[in-house]
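Structure first, commentary second.
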Amino acid sequence: MGRKEKSEAKVLSQKMLAEGIFDLWLETDLAMDAHPGQFVGVYPTNKSTLLPRPISICEVDREKSAIRLVYRVVGTGTAEFTLYQPGDYMMILGILGNGFPLDKAAGKRVVVMGGGIGVPPLLQTAKELSGKAANLSSNVTAASVAAVMGYRNQKTFLAEDFRKYSELVIATEDGSVGTKGNVIDAMGQQNVECDVIMACGPMPMLKAIKAYAEEKGITAYISLEERMACGVGACLGCICKTKEVDEHSHVHNARICTDGPVFDAEDIDF
């Protein structure tokens, strides 16, 4: 569970990875508690865009007390973030949400699957599962890790980073790189087998992964992408339907920001 602590973070570096996709490293002591699959809220300074923007943690460097955020510009708030330079300070809220259950992957064949801006949070996941991360947040090491990543075109941001920690299979919508199609197509065409799936991406992709996992008898954990307001579970603005009754609202739903963003796919009712 996240700390929900508001604090200043120092910008260490920022660059553009692809059109509209930016790579930001922040120095913050929150790095010591960051777990794969969690996120932070980043505050714009513009008073008309007061609420923090939820951004998944892409990578953690605990030795440098730093976190890496790879984000897409979607509006005025995230557009403002692109203007920050090394030495500037940003206000963040974190660490938020529940991450991937790495302990469920011990000794198993794991595939991390990402689509679009759902790709970044799986880098630290692959890094820790591979056992190649310094100062691991978990003592669990998977037997083997493969990454299946889906992109629109040849702008395969972070692909080379994944190669450091896993086998890599790429799917592109236009067929410019790797398998033409989606991540499920790539799984079949490249004969990728696994015991556990950990995934993040748009809802149609996650729905397909849930169906695929059920068909194959595979355990799947999915991180739901959703627009959030408060990020701490108070506003109920990021609700997903679940099979079980939520203790907070007493209906069949869950708050993605606090109950998730990672869920066992079996618990989600798409």
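When you look at residue 217, is it in contact with a Gly (Cβ under 9 Å, 6 or more places away or on another chain) and surrounded by fewer than 21 Cβ atoms within 10 Å (Cβ to Cβ), yes or no? For residue 217, the condition - in contact with a Gly (Cβ under 9 Å, 6 or more places away or on another chain) and surrounded by fewer than 21 Cβ atoms within 10 Å (Cβ to Cβ) - is not met.
Being assigned to a strand (DSSP E or B), touching a strand residue (DSSP E or B) at 6+ places or on another chain (Cβ under 7 Å), of a type outside the set (D, E, K, R) and surrounded by fewer than 18 Cβ atoms within 10 Å (Cβ to Cβ) is a property that holds for residue 91.
Residue under question is residue 26, and the condition is that it be surrounded by 18 or more Cβ atoms within 10 Å (Cβ to Cβ), assigned to a strand (DSSP E or B) and of a type outside the set (Asp, Glu); does it hold? Judged against the criteria, residue 26 is a match.
I'd like the full set of residues that are more than 25 Å from residue 270 (Cα to Cα) and of a type in the set (Phe, Trp, Tyr), limited to the stretch 163-212. Selection gives 165 alone.
Here is a yes/no grid of residues against (1) in contact with a helix residue (DSSP H, G or I) (Cβ under 6 Å, 6 or more places away or on another chain); (2) assigned to a strand (DSSP E or B):
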residue: 7; (1), (2): no, yes
residue: 10; (1), (2): no, yes
residue: 32; (1), (2): no, no
residue: 36; (1), (2): yes, no
residue: 45; (1), (2): no, no
residue: 59; (1), (2): yes, yes
residue: 68; (1), (2): no, yes
residue: 74; (1), (2): no, no
residue: 84; (1), (2): no, no
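Restricted to strands (runs of 3 or more DSSP E) entirely inside the stretch 159-244, those with at least 3 residues that are modelled with pLDDT of 95 or more are 167-172, 196-201, 219-224.
The values are calculated or read from the model by the stated rules, or taken from the named source; none is laboratory data. As the structure is a prediction and not an experimental result, all values here were calculated from the model. Please note: Cβ atoms are built from the backbone with ideal geometry, for glycine as well, and neighbour counts cover all protein chains shown.
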